[in-house]
Amino acid sequence: MSQDELPEPPAEISDLALACIAYVERATGIRLDYTMETLPILDHYIREVRADAVTKPEVVEVTAAAAGAYIGEVIRRKLPLGWFAPPGEYRRWRIELESVFLSVNPIGIAVEAIYLQPAEGWGAHFRMRPEDERRAEAALEILPQISEDEFYAPSSRVEVLEIIVDAILGSIDEPRRYTADDYGPFRAEAIGEALDKGGGTH
C-alpha cells in the first residue's frame, strides 16, 4: 500500500501525532515527516524534555501520548497494522500488526523512554505468541550491548520491532493476515497473561 493509499488513523491519534510534530519543531526547528529517519530526532527531543517531565507526571502523559501516537504512525507507514485506541484510555492503546501476531502500546514505549525504566501497566513490551517470542529472543541475542538510554530510545525500539518481525516472518511457511478479530480476546492487560504469562520482549 502506497503512502497515498494509507487510510487515516482515528482522529485522536492524528491530532496527537500532529501535536508531537509541533512540539519537536518548536524545540528543534526540525519538522518530523513520519519517516523512520526522524525517530532519532524524537529521541533527542525526549532527552531534552526528560528532566522536566519526570518531575511533573502530568507532563509525562501529555508528552508520551503525543510521542507514542507519532511512533505508532511511523511504524504504520512501514508495517501493515491496525490501531486499538479507545478514546482517552492511553494505557489500553495498542498497534496490532497484520503480518505477524504482535502488539505493543507505542505510548508505553514513549513513557519508558522518558523514565528510562519499565513502566508497569503501559503495555510497552512486544506481546506475541510464545513460539514467536523464542524466535525473537534468538534474533536479538546477536545484537551488541547498548546503553540504557539507547535501549529505551524510540528509534531503537522500532529497530528491534523490525528485527523481530523479520525473524517471525522468516519462520512462516504460510503467510496470513491478522485482524482485530484475532487480537480481540488478547487485548489490554489480558494479553500478557494469556500469551506469555506476564513476560514480554522489549
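The values are calculated or read from the model by the stated rules, or taken from the named source; none is laboratory data. Bear in mind the structure is a predicted one, so any value in this text is a computation, not a measurement. All Cβ positions, even for glycine, are placed from backbone atoms using ideal geometry, and neighbour counts span all protein chains on display.
Table: residues versus (1) of a type in the set (A, V, I, L, M); (2) closer than 29 Å to ASP166 by Cβ; (3) touching a Pro at 6+ places or on another chain (Cβ under 6 Å).
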site: LEU18; (1), (2), (3): yes, no, no
site: VAL24; (1), (2), (3): yes, yes, no
site: GLY29; (1), (2), (3): no, no, no
site: THR38; (1), (2), (3): no, yes, no
site: GLU48; (1), (2), (3): no, no, no
site: ALA64; (1), (2), (3): yes, yes, no
site: ARG76; (1), (2), (3): no, yes, no
site: ARG92; (1), (2), (3): no, yes, yes
site: GLU96; (1), (2), (3): no, yes, no
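Taken together, the residues in the range 25-55 that are among the β-branched types (Val, Ile, Thr) and over 20 Å from ILE95 (Cβ atoms) amount to 6.
Can you tell me which residue is surrounded by the fewest Cβ atoms within 10 Å (Cβ to Cβ) among those in the range 108-148 that are touching a Ser or Thr at 6+ places or on another chain (Cβ under 9 Å), under 14 Å from VAL165 (Cα atoms) and of a type in the set (A, V, I, L, M, F, W, C)? Checking each candidate, the answer is LEU140.
Residues of the range 170-202 that are at pLDDT 55 or above, surrounded by 13 or more Cβ atoms within 10 Å (Cβ to Cβ) and in a helix (DSSP H, G or I): ASP182, TYR183, PHE186.
Among the residues of the range 1-35, the one identified as modelled with pLDDT under 95 and crowded, with 17+ Cβ neighbours inside 10 Å is PRO9. Residues in the range 36-46 include none that are of a type in the set (Ser, Thr, Tyr), surrounded by fewer than 17 Cβ atoms within 10 Å (Cβ to Cβ) and more than 16 Å from TYR115 (Cβ to Cβ).
Evaluated against (1) within 20 Å of MET128 (Cβ to Cβ); (2) within 12 Å of the chain's Cα centre (by Cα), ALA110 falls short on exactly one condition, (1).
Residues checked against (1) within 17 Å of ALA17 (Cα to Cα); (2) at pLDDT below 95; (3) more than 12 Å from the chain's Cα centre (by Cα):
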site	(1), (2), (3)
GLU61	yes, yes, yes
ALA67	yes, no, no
VAL100	no, no, yes
GLY123	no, yes, no
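Take the residues in the range 119-154 that are part of a loop (DSSP other than H, G, I, E, B) and in contact with a His (Cβ under 8 Å, 6 or more places away or on another chain); name whichever of them is farthest from ALA65 (Cα to Cα). Filtering the range 119-154 for residues that are part of a loop (DSSP other than H, G, I, E, B) and in contact with a His (Cβ under 8 Å, 6 or more places away or on another chain), the one farthest from ALA65 (Cα to Cα) comes out as HIS125. With respect to the conditions (1) farther than 13 Å from ASP43 by Cα; (2) among the small types (Gly, Ala, Ser); (3) in contact (Cβ under 8 Å) with a residue 40 or more places away in the chain, ALA113 falls short on a single one, namely (1).
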